[in-house]
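I have a structure here, written as structure tokens, and I will follow up with some questions on it.
Since every read-out is calculated from the coordinates, none of them should be taken as a lab result. As the structure is a prediction and not an experimental result, all values here were calculated from the model. Ideal geometry is used to build each Cβ from the backbone, glycine not excepted, and the neighbour counts take in all protein chains shown.
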Amino acid sequence: MTTGLLAALYAVVLATAYAAFAIRRFPTSRQRTWPWATTVALLIIGVPTVAQFTVAPWLLQNLERNWTLISGGQIWRLLTSLVVQDGGLAGAIFNLVALAMIGVAAEKAWGATRWIAIALIGALGAQLWGKIVQPVGGGNSVMVFSLAASVAVLALLRGVRVQRLLGVISLLGAAVLLIIGDLHGGAAAIGALLGAVFAKSHLLESAQQQHAR
């Protein structure tokens, strides 16, 4: 797949997931004054990213996912590779903006605790998938795709008709990414699975609360 088509597919997956959230609040949506998990993540990722493109370009090589070095004992790269960017300045800006938008949507849908679980489990799972499909690299985009897929699943399971349609489109795009061996497809698959689990658990919690009344 050409770079242009791949970029378009990325955009479809993320845009449709965000649009599904923006149309109408989900039943799981939390009343929170500020998206703290997203804000903290942006700071943790944004500061090293700015440093990488200004005063410390060596950060990418020292912190990126490199499975040869990870296998040699540098396990920390599974996490540190999330705070550096391998797609140049434009890619870094896109990743941070996407994290801000998708992150806020996912946090409003799931709350901070489940947001953290989806983001971290999806990102770490994608790093393992990366051993097969992309052994070297870096960026927070895997977090974004994991969160986006969780929102898409929620739209499919708990949304109104147009939200379900957008959720299906997003998940189909994510499935294509997984099939072609793209790193982000692995992240999305994990996010979708977690989204399904959390959506079901919320439904059970709601049923129990109604029964208790």
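Dividing the Cα convex hull volume of segment 1-137 by residue count, how many Å³ per residue is that? Please report the intermediate quantities before stating the final value.
On the way: hull volume 16.4 nm³, N = 137.
In segment 1-137, the Cα convex hull volume per residue is 120 Å³.
With no solvent and one point on each alpha carbon, what is the Debye value of log10 I(q)/I(0) for segment 50-90 at q = 0.32 Å⁻¹?
-1.08
Now, a different point. Relative to the longest principal axis of the chain, what angle (0 to 90°, nearest 10) does the C-alpha long axis of helix 3-23 take?
30
Do you know the relative contact order of the chain, to the nearest whole percent, from alpha carbon pairs under 8 angstrom that are 6+ apart?
Taking the mean separation of contacting Cα pairs over the length of the chain, I get 27 percent.
Let me ask something else. Give me the distance in nm between label points sitting 7 Å out from Cα along the Cα-to-Cβ direction at residue 75 and residue 168, one decimal.
Result: 4.4 nm between the two label points.
Given a Förster distance of 45 Å, report the FRET efficiency between residue 24 and residue 55 from their Cβ-Cβ distance, rounded to the nearest 0.05.
Working from the Cβ atoms, E equals 0.50.
Give me the extension gain from residue 200 to residue 179: residue separation times 0.36 nm, minus the current Cα-Cα distance, reported in nm with one decimal.
Net length gain for the segment: 5.0 nm.
In segment 145-198, how does Rg compare with the Kirkwood Rh, expressed as the Rg/Rh ratio over alpha carbon atoms?
On the Cα set of segment 145-198, Rg over Rh gives 0.97.
Could you pull out the chymotrypsin sites (Phe, Trp or Tyr not before Pro) across segment 30-123 that fall in loop regions by DSSP (anything but H, G, I, E, B) with no more than 13 other Cβ atoms inside 10 Å?
Answer by residue number: 58, 76.
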